1. Would you calculate the separation in nanometres between label points at residue 20 and residue 91, each defined as 7 Å from the Cα along the Cα-to-beta-carbon direction?
2. Of all accessible surface on the chain at a 1.4 Å probe, what whole percent is carbon and sulfur?
3. For residue 53 and residue 4, calculate 0.36 nm times their separation in residues minus their Cα-Cα distance, and state this gained length in nm to one decimal.
4. Using only Cα atoms, find the angle between the long axis of helix 65-75 and the longest principal axis of the chain, and express it within 0 to 90 degrees, rounded to the nearest 10.
5. Full extension from residue 61 to residue 83: what is 0.36 nm times the residue separation minus their Cα-Cα distance, to one decimal in nm?
6. Within region 1-36, whose backbone N sits under 15 Å from a point 7 Å along Cα→Cβ of residue 46?
7. Grab the beta carbon distance between residue 35 and residue 70, set R0 = 22 Å, and tell me the FRET efficiency rounded to 0.05.
8. In degrees from 0 to 90, rounded to the nearest 10, what is the angle of the helix 78-93 Cα long axis to the longest principal axis of the chain?
Amino acid sequence: MAIAYSWTFPQFDVAPTEDDLPQVVKVIHWRLDAIDGGVQAGAYGSVALGEPDPSNFVPYADITEQWAIDQTSALIDLPQVQAALAGEIAKKKNPPVIPAVPPFAQG
């Protein structure tokens, strides 16, 4: 089964105005969840955006989930995050260490 990834964005930190632009997103708080056959792993963090560019500024009311994904993906090492999540899922599916009752205690 392939790993399915899903993004959530619980919060943006927004400047009320900056450079005469209203509601400028300054920080995106993100979460990326991975699931494979019922086994889950997740990562979270935040990214600080640079100075707003008036030529391609997106008004706050027009921000989409895809915009948030694009901004976040550009600022994190997405392949590394996905590899870490895949590794966590693999360890959950095939744990490198498991609990066992000592052989002398089985009786």
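The values are calculated or read from the model by the stated rules, or taken from the named source; none is laboratory data. Note that the structure is a prediction, hence the values are computed from the model and not measured. For neighbour counting, all protein chains shown are included, and Cβ atoms are generated from backbone atoms with ideal geometry for every residue, glycine included. Note: accessible area is taken over every heavy atom of the protein model, side chains too, but ligands, DNA and RNA are not part of it. Shrake-Rupley method; radii C 1.70, N 1.55, O 1.52, S 1.80 Å.
1. Modelled inter-label distance: 5.2 nm.
2. Numbers: 4010 of 7160 Å².
Taking all protein chains in place, the chain shows 56 percent carbon and sulfur surface.
3. Full extension of this stretch gives 14.3 nm more.
4. Helix 65-75 and the main axis of the chain meet at about 80 degrees.
5. Values: separation 22, 0.36 × 22 = 7.92 nm, distance 3.34 nm.
Net length gain for the segment: 4.6 nm.
6. 9-16, 25-31
7. Taking R0 as 22 Å, the efficiency between residue 35 and residue 70 is 0.50.
8. Computed tilt is about 20 degrees.
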